[in-house]
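Please read the structure below before turning to the comments.
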Amino acid sequence: MRHLLPKRKSIGPLDYIHQRWMKLTLALSFVFLYAPLLILVIFSFNDSRRNIVWRGLTFKYYEKAWNNDGLIEAFANSLTIAFFSTIISTILGAMVALLLWRFRFTLKGVYEGSMTLPIVIPEICMGVSMMAFFSRVGWPSGLIWPFNLSAITIAHITFCFPFVAVIIRARLANFNLEFEEAAKDLGASEWQFFRDIMIPFMKPGLIAGALLAFTLSLDDFVITFFTSGPDTVTLPVKIYSMVRFSVTPEINAASTVLIAITLLLTTIALWLQSRAGQNLGH
Amino acid sequence: MIQAKTVIEIRNISKRFGNVIAVDSNSLTIKEGEFFALLGPSGCGKTTLLRMLAGLEVPTDGKILIDGEDMQGVAPNHRPINMVFQSYAVFPHMTVFDNVGYGLKVTGIAASTIREEVMAALEQVRLGGYQDRMPDQLSGGQKQRVALARALVKKPKVLLLDEPLSALDAKLREAMQLELVKLQNTVGITFIIVTHDQDEALSMADRIAVINSGKIEQIAEPRTIYEFPANRFVADFIGKMNVFDAKVAKEGDRLAIQSSEIGRFLVSDRKDIEPNRINAVAIRPEKIRLTGTRPDDSLYCTEAKIVNIAYHGKETAIFVEIGENTEISCTVQNSSRKQDMPKIGDFRWLSWEVDDMLLLE
């Protein structure tokens, strides 16, 4: 008996006409990702003290959150920490990326691997180690604002800068070494080349890295929880402590604001990166 | 002819990368206003030689003098030389104007002067009106013009071009060849071009250095390189060549050539030849004639069987066999539509001027 090929091709799982599967996958992923978030956002407008039944639209919980001094203070702390840790981790991350791109040294592979450690290590371990570290070195507490935030800021730099380094390193991989030779051939000194060619080339990576660092810092709970004291509460930590009493729409409102900021910054980062990608189109 | 001034002098220059000798003790002088080509197969060291001139590589040994000045320890940004890179290296985040003006800006020239010079340079490479474009809005050929303008605006003593035409398509390449020569005539700057394309070198350069595995094999004008190659490598690398093993001996005022492949015949004596060092003779395909009747006795002549034909439009390559297994390629110009076209298996008389033969070491 000879095996005959079927007259019609059977439809495989990755066939382009598989619209139904494609739609199902789309729907499932959206439900998983966004259903909880959507409920959070919707119930932030719920006119009910208890967050279970929908009783009509209101903005009063946004107002309430705005007038909650503890919440606003926590938000101000979060922004301050995010601001400083972003600046420092962007500079440090860029330097690491340049180091890895430009130089060869012994155990470079080990160094490169160790840079990604904070990305893969469980956050809880980072948090505990940070707490142990700061108490071991006797880091001063009870300083005036904003110096009381220094421990959290340092902890945030620790887990932010490797992300920045990874992003900028990826960008540098596309750098044409002839740009450097051309700049020098045209009379540029090392520093002029660095300022005029290298930094503009890294710019999309710098911005994307900075925005990512900012959102990571703003959203972080676990590591912050272990390094914050009673007078250094950040927004995520504050929300957590509020939830322990009761889940009110006020918390939903505060969370929604946090989501909005994160979303906005991420969108800008992605947009900048894609625009830079177009500019590079060789 | 006025004796032109030497602008570049290279003395016994070498470059080693670890155990690899990229450039092996070469000397070379290039005159002011010359269009000079470094020609060789890929990996022969021609680009390394060019990069040493630009200061992008440091020679292991030897000296480079530009305008009589020793270039040892002089950084690329302080050399009176500019380069057009193979990838053009047009800065992607700058407009055409900023790209071309960059070399002037970094040396602290006034903005108004920069504007004037950049516009003039863009006009020179026929890119007038493109100053506000970004590089990603330009074609490959236009990017190359930007790279050219960017180098020329610095008014260098020497312009280096690293495989400038290799990324362009055939039609554009031919147009660009003519344009580069014209441009060089207008600006009067010495051009040194690196290429692996012999057509490019032959058609553009005033003189060519043929390089093979780090060594310069011959430096001469294009016609000399083609008609009188110095050795077997040059003969083989430039154009097509039929090479036959042979022995040469003096016979009165002539040279007797004995080849197992094409037999025995006499050629005129040549001063520059030592008969006992010659081990091959060669003839170019286009110097061979195929005729139906036997030509006169002054020519080398033999009967040949046609074994293969490749039609190229303007010419036809015909492969013939003589004796046992000796294949010879000939090129016939298709100068008339009525031309007799032999078929595979036909016999023809094969002939050439004996003095068109090359004697190779």
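The values are calculated or read from the model by the stated rules, or taken from the named source; none is laboratory data. It should be emphasised that the depicted structure is a prediction, and the values quoted were computed from it without experimental measurement. Cβ sites come from the backbone with ideal geometry, for glycine too, and all protein chains shown count toward neighbours. Accessible surface areas use protein heavy atoms only, side chains included; no ligands, DNA or RNA. Shrake-Rupley method; radii C 1.70, N 1.55, O 1.52, S 1.80 Å.
Run the dipole for the protein assembly as shown about the Cα centre, Lys and Arg Cβ at +1, Asp and Glu Cβ at -1, nothing else charged, and hand back the magnitude in debye, nearest 20.
Details: 67 positive and 66 negative charges, 464 e Å.
For the protein assembly as shown, the charge dipole is close to 2240 debye.
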For this session: Evaluate the Debye formula for the range A:14-60 with equal point scatterers sitting on the alpha carbons, no solvent, and hand back log10 of I(q)/I(0) at q = 0.16, 0.18, 0.31 Å⁻¹, in q order, two decimals.
Result: -0.58, -0.63, -1.03
For this session: Rank by packing, highest mean first: peptides B:214-224, A:102-112, with packing defined as the count of other Cβ atoms within 10 Å averaged across residues.
Result: B:214-224, A:102-112
Seminar exercise, completed: Taking only protein heavy atoms and a 1.4 Å probe, the highest-to-lowest accessible-area order of B:93, B:78, A:156 is B:78, B:93, A:156
Problem set entry | Karplus 3J(HN,Hα) series, Hz, for the range B:171-186 with 6.51 cos²θ - 1.76 cosθ + 1.60 (x for Gly, Pro) | 4, 5, 4, 5, 5, 5, 4, 4, 5, 4, 5, 4, 4, 5, 5, 6
Exercise. Going through the range B:1-80, which trypsin sites (Lys or Arg not before Pro) have at most 14 other Cβ atoms within 10 Å and a DSSP loop state?
Worked result: B:5
Problem set entry | Long-range amide H partners of residue B:57 with built H, under 5 Å | B:52
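Would you tally the net charge around residue B:70, using a Cβ to Cβ cut-off of less than 12 Å, leaving residue B:70 out, and scoring K and R as +1, D and E as -1?
Working: positive: B:11, B:63, B:79; negative: B:9, B:67, B:69.
Once positives and negatives cancel, what remains is 0.
Mind putting a number on the dipole of the range A:14-60 about its Cα centre? Charges go on the C-beta only, +1 for Lys and Arg and -1 for Asp and Glu, and I need it in Debye to the nearest 20. Don't jump to the answer; show the numbers that get you there.
Numbers: 6 positive and 2 negative charges, 58 e Å.
Charge dipole, the range A:14-60, about its Cα centre: 280 debye, nearest 20.
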For this session: Please compute how much accessible surface disappears when A pairs with B, both sides summed, using a 1.4 Å probe, and round it to the nearest 100 Å².
Result: 2000 Å²
Problem set entry | residue A:106-residue A:38 pseudo-label distance in nm [points 7 Å out on the Cα-to-Cβ vector] | 5.9 nm
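What number, rounded to the nearest 500 deg cm²/dmol, is the helix-based mean residue ellipticity at 222 nm of chain A, given -39500 (n - 2.57) per DSSP H run of at least four residues and division by all its residues? Write out the running numbers ahead of the final one.
Details: 13 runs with 199 residues, N = 282.
Result for chain A, helices only: -23000 deg cm²/dmol.
Solvent-accessible area per residue for chain A at a 1.4 Å probe radius, Å²? Could you put the intermediate results ahead of the total?
Details: 17460 Å² over 282 residues.
About 62 Å² of surface per residue is accessible.
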Seminar exercise, completed: Which residues qualify? For residue B:211, with a placed amide H closer than 5 Å and at least 5 residues away or on another chain, they are B:39, B:40, B:217
Exercise. To two decimal places, what compactness ratio does the range A:130-237 give when its Cα radius of gyration is scaled by 2.2 N^0.38 Å?
Worked result: 1.48
Seminar exercise, completed: Hull surface over four for the Cα convex hull of chain A, reported in nm², is 26.3 nm²
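From the P(r) of the range B:1-104, can you give the percent of Cα pairs sitting at distances over 19 Å? Kindly include the intermediate steps, with their values, before the conclusion.
Working: 2749 of 5356 pairs.
Value for the range B:1-104: 51 percent of Cα pairs lie more than 19 Å apart.
Need one number: convex hull volume per residue for the protein assembly as shown, Cα atoms only, in Å³.
330 Å³
Using the crude model of +1 on Lys and Arg Cβ and -1 on Asp and Glu Cβ, and no other charge, please compute the dipole size for chain A relative to its Cα centre, in debye to 20.
On the way: 23 positive and 17 negative charges, 275 e Å.
For this selection, approximately 1320 debye.
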Exercise. Can you list the residues, at least 5 places off or on another chain, whose amide H is less than 5 Å from the amide H of residue B:23, using H built in the peptide plane?
Worked result: B:15
For this session: Label the range B:6-237 by shape, choosing from rounded, prolate and oblate, from the square roots a ≥ b ≥ c of the eigenvalues of the Cα gyration tensor; if a/c is under 1.5 it is rounded, and otherwise prolate applies when a/b is larger than b/c, oblate when it is not.
Result: prolate
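Can you tell me the accessible area per residue over chain B, all protein chains present, probe 1.4 angstrom, in square angstrom?
Details: 17580 Å² over 361 residues.
In whole numbers, chain B has 49 Å² accessible per residue.
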For this session: Determine the shape class of the range B:215-340: with a ≥ b ≥ c the square roots of the Cα gyration tensor eigenvalues, call it rounded for a/c under 1.5, and otherwise prolate if a/b is greater than b/c, oblate otherwise.
Result: oblate
Seminar exercise, completed: Karplus-derived 3J(HN,Hα) from phi for the range A:146-161 (6.51 cos²θ - 1.76 cosθ + 1.60, θ = phi - 60°), whole Hz, x at Gly and Pro, runs x, 5, 5, 8, 4, 4, 4, 4, 4, 4, 5, 4, 3, 9, 8, 5
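In chain A, what percent of the accessible surface is made up of carbon and sulfur (1.4 Å probe, ligands and nucleic acids excluded)? Could you put the intermediate results ahead of the total?
Values: 12230 of 17460 Å².
Its accessible area is 70 percent carbon and sulfur atoms.
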Exercise. With respect to the cross-link table entries B:5/B:155; B:215/B:240; A:203/B:15; B:46/B:250; A:108/B:143, which display a Cα-Cα separation exceeding 28 Å?
Worked result: A:203/B:15; B:46/B:250; A:108/B:143
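Leaving ligands, DNA and RNA out of it, rank B:318, A:154 by accessible area with a 1.4 Å probe, largest first. Could the numbers behind the result be given before it?
On the way: B:318 5, A:154 60 Å².
Ranked list, largest accessible area first: A:154, B:318.
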Seminar exercise, completed: Lys and Arg at +1, Asp and Glu at -1: neighbours of residue A:78 with Cβ under 11 Å from its Cβ sum to -2
Exercise. How crowded by other chains is B:97-109, given as the mean number of beta carbons from other chains within 10 Å of each beta carbon?
Worked result: 3
Exercise. Is it possible to state the helix-based mean residue ellipticity at 222 nm for chain B, with each DSSP H run of 4+ residues giving -39500 (n - 2.57), the sum divided by total residues, to the nearest 500 deg cm²/dmol? What is it?
Worked result: -7000 deg cm²/dmol
Exercise. Per residue of B:82-90, how many C-beta atoms from partner chains lie within 10 Å of its own C-beta, taken as a mean?
Worked result: 5
